[in-house]
1. Got a number for residues in the stretch A:90-114 being of a type in the set (Ser, Thr, Tyr) and more than 22 Å from A:Trp209 (Cα to Cα)?
2. Could you run through the stretch B:1-26 and say how many residues are assigned to a strand (DSSP E or B) and either at pLDDT 90 or above or among the hydroxyl-bearing types (Ser, Thr, Tyr) (or both)?
3. List every residue pair whose Cβ atoms lie under 9 Å apart, where the two residues are 6 or more positions apart in sequence or sit on different chains, the first residue falls within the stretch C:152-168 and is on the phi < 0 side of the Ramachandran plot and without any contact (Cβ under 8 Å) to a residue 24 or more places away in the chain, and the second residue, located anywhere, is in a helix (DSSP H, G or I) and of a type in the set (Lys, Arg).
4. From the list B:Ser210, B:Ser254, pick out the single residue that is within 12 Å of chain C (Cβ to nearest Cβ), modelled with pLDDT of 90 or more, in contact with a strand residue (DSSP E or B) (Cβ under 9 Å, 6 or more places away or on another chain) and within 20 Å of B:Ser33 (Cβ to Cβ).
5. Aliphatic (A, V, I, L, M), within 20 Å of C:Leu245 (Cβ to Cβ), in a loop (DSSP other than H, G, I, E, B) and within 14 Å of chain B (Cβ to nearest Cβ): is that true of C:Leu218 in this structure?
6. Just to be sure, is A:Leu23 within 13 Å of another protein chain (Cβ to nearest Cβ) and assigned to a helix (DSSP H, G or I)?
7. Counting only residues that are closer than 17 Å to C:Asp238 by Cα and either in a loop (DSSP other than H, G, I, E, B) or at the interface with chain C (Cβ under 7 Å from one of its Cβ atoms) (or both), how many does the stretch B:257-267 have?
8. Kindly indicate the residue of the stretch B:185-207 that is free of Cβ contacts under 8 Å to residues at least 12 places away in the same chain and of a type in the set (A, V, I, L, M, F, W, C) and also farthest from the other protein chains (Cβ to nearest Cβ) among those meeting that condition.
Amino acid sequence: MNTLRILRDLLRYNGEFAIGLVLVLIVAAIALCSFFSPYPPMDVYVVPPDIPPSWEHPLGTTSRGQDVFWQLTFAIRNTLLFGIVVAFLSRIISLAVGLISGYKGGWVDRILMSINDTFVVVPLFPILVLFYFIMRDEMTWAMLAIITALLGWAYDARLIRSIAMSLRTREFTRQAVFSGMSTGKIVLQEHLPFVLPIVFSTTMNNINWSIGIEVTLSVLGFTDINTPTIGGMIYWANQHTALVSGIWWWVTFPVLLVIMLFIGLFLLAISMNEYIDPRSRLSRLGGQA
Amino acid sequence: MRPNLLDVENVNKIFTRGGLVSRRVNHAVNDVSFSLAADKPEVFTIIGESGSGKTTLAGMILNSVAPTTGRILFQGRDLREIRSRGARLDFMSHVQAIFQNPFDAFNPLKRVDRYLFSAAQRFTECRTPKASAERADEALHKVGLSLAEVQGRYPHEMSGGQLQRVAIARALVSNPSLIVADEPVSMIDASLRMTVINLFKKLRDELGVSIIYITHDLATAYYISDRLIIMQKGRVVEGGDARTVLAAPQHPYSIKLRQAVLSVDDAWRDDRVGAGVPAVAT
Amino acid sequence: MIAELRAIPSPDELNAPQTSPLLTVDRLKAYYKVKLFGVDREVRAVDDISLAINRNEIYGLAGESSSGKSSLIKTIAGAIRPPLRVVEGSVRFAFKDGERDIYRLSPQELSAIRWSRLSYIMQGSMSVLNPVRRIRHAFEDFALPHVSAKGADFTRLVERHLKRLHLDPAVLQAYPHELSGGMRQRVTIALATVCNPEFIIADEPTTALDVIVQKGVLSMIREIQQEFGSSVLFVTHDMAVHANLTDRLGIMYAGRLVEEGRTRDVFKKPLHPYTAHLISSLPRIGDEAPKKALEGSPPSLADPPPGCRFHPRCPFAIEICRREAPPMVEILPGHRTACHVAQADPARVRTVA
């Protein structure tokens, strides 16, 4: 009810949110279509190859004999899921590190922040490629998600820490301490609500970031190319020199779809950030920040 | 013989800032000692301006800041020995705090009653929500409120005076024997201030709670305190019976402070027609 | 004592025909209008206020937080930003070079009178002084566009002004953090008065200061007012400051002016029950009598009670107070109040003290 009303208000009064939501819903709908696909995703030569977009195959077919539309439904589902899993895992790490480091201060803060800074300066891409060469066949989709999440939390943890540090000096934190609340309770119940707006907007950005990583790695072939993803599709298109032989639909539609997702998530991030900001939320409740 | 409620013995606090080359030392609290007796509840006032070290001293009494040298005993027990979470909770159930800004003392996104319930669950025998609610209601009645008025309300729905009374009720949940109040009325509107000040008197007289009242305002200090100390740059420059000290301060700084108080009654004493415009008095 | 500096009207002045006041606020209504996700909210911060401030006086304005006093001074200074809007009424200044209605001015005209005719002293000096620039730059930034003197002449003018205020011109070379809080506030006052403004708005200028320096800053404001013959609108919630500094005093409660008169009259014979309570509840050194607290809380300006806004807390409230808002009526010479009870019997309220 309350959440529904918030959604209704956002849709009515916030253009960015409406556009973003429509874009993301379109992408999600396409991903859901994968469950109704007439062709198994891994099979090749199930349809005649290299047919341009037509009534029968709306987005054409690939040189490998796959229908681009149905292939795309699997690819975007896996890519989207990858982004969500990475964002979810890395949010948990950055929240835990940021909130505890900011609240505890002292030596806890120093240790956590030195780990944090190490992850900030570590060159991400070479590490991922290195993992691929070490693990080769064990480099599954889930493994890649975990590794990317482990490398993607550090910036936001610093951001969360800086908010937690300012919250620590607020009087209501001392009130909580003198009410006998434990560290966990203070961090999770008193401080977390103030950090959530940041977490929401960084989640969207983090999904975008991790999808970007996944697409880049897949295009170069540094992932498990048998799982269909957007990057994987472009990889196969390149292998068959699709653009040179004029099979443009094999590359264009995956790229358009992923750009749609990027823009949709970005618009959601900025509009939700404006809405969830504690100050504007307070003025809605009728109080003063 | 029963130990004193509180003994502050030659307490010093030194903050150092800066690196190896340019080290700056701030002697925030310099050799402060005083005691509060166990059997005689009183309002003990610490007067000081900004930078006098009064807030650091309060932090040390509340065991959130450790003294550099010297020791603080609560009921004969050194605060340094309080380490474990259990010991801390036990200490906090006896020594409670009230803060300066009632509008910041409650999380603006949370209901105010959660602090009362938390205190009831952590500091007392109340284990069920019903028992905690009764305990909170009892504490709220001591400050002239009731749980029905407070339950489910957010801080922005209440006035500063009400919030400060809820904060005092929250401190009273565990039946403490000492309350440290750091500038508790400086952010409260004039028409609500007396409600809070009178409440401190009531706590002392009817509930036997000793109060350490920290302020820069000599007039309210005169109104409620039994004894006081005046601090300047970390040192206690004068101390003793509140009425005596404020009526006839001895130390040059106390005299200056006393003279700086704007009096309402004296405002028109020199207001004679034809007095002319003399040079600026300082 | 600052009281020695109080402007005392000589008998001649009292008999002289009343010249037009410098500032006239007429039936001013300024509301915060907020539209949040389709829901309109209206906060009546300034509700039907009329007052006049004469030349050569310090007019005090007292009120609690959310009494609307800061919204009132924002409207008087012409610093109205949405969501604050002037709904009705006018604010007119009768400057020496002509009368001006503050809402009829273009932004250029408004910025031309700022600092030169109308000046503002704020609570926090650090918001005026840039922490990484010397004080000299602050004077150049604010005052240079408003004076004809340039270069060395300007420096001489600033130094002369500082000397007149008993400040060492060496402060011009200092950075803000090198000065004490009291000295910084003196510098911001010097900054606000360097162009000899006719009207100065002082918004809680001593609230953030230590007690010991407060008195000196107050004497400085009085001295400037006397020397330049300007008018000061002095806003603070501290009644003791009003008693010692201001000539006339207006008391605000919940967006309305409830009492106004000579400061001395207001303190000696308060007519409104709210004023009477404020004065009687002031703790005084040497006075051990128990002080009574006022029940209840100030009302929300978004949803004020009907009738007199003070009636839910008023010990004298009668039937009419619950229905009709009392008008501001002059009960004693120069002493107005908005209270049904005081208008019926002026002696009644005083007994509360």
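1. Initially, the stretch A:90-114 is screened for residues of a type in the set (Ser, Thr, Tyr), giving A:90, A:94, A:101, A:103, A:114.
Filter once more, so that each one left must be more than 22 Å from A:Trp209 (Cα to Cα): A:101, A:103, A:114.
Of the residues in the stretch A:90-114, 3 are of a type in the set (Ser, Thr, Tyr) and more than 22 Å from A:Trp209 (Cα to Cα).
2. Residues of the stretch B:1-26 assigned to a strand (DSSP E or B): B:6-17, B:24-26.
From what's left, either at pLDDT 90 or above or among the hydroxyl-bearing types (Ser, Thr, Tyr) (or both): B:6-14, B:16.
Qualifying residue count, the stretch B:1-26: 10.
3. C:Thr155/C:Arg136; C:Leu167/C:Arg186
4. On the way: B:Ser210 fails: within 12 Å of chain C (Cβ to nearest Cβ).
One residue alone meets the criteria, B:Ser254.
5. Numbers: aliphatic (A, V, I, L, M): yes; within 20 Å of C:Leu245 (Cβ to Cβ): yes; in a loop (DSSP other than H, G, I, E, B): no; within 14 Å of chain B (Cβ to nearest Cβ): yes.
Criteria not met by C:Leu218.
6. Numbers: within 13 Å of another protein chain (Cβ to nearest Cβ): no; assigned to a helix (DSSP H, G or I): yes.
No, not satisfied.
7. 7
8. Checked the stretch B:185-207; the qualifying residue farthest from the other protein chains (Cβ to nearest Cβ) is B:Ala190.
The values are calculated or read from the model by the stated rules, or taken from the named source; none is laboratory data. None of the values given here were measured: they were computed from a predicted structure. Heads up, the Cβs are rebuilt from the backbone with ideal geometry, glycines too, and the neighbour counts pull from every protein chain shown.
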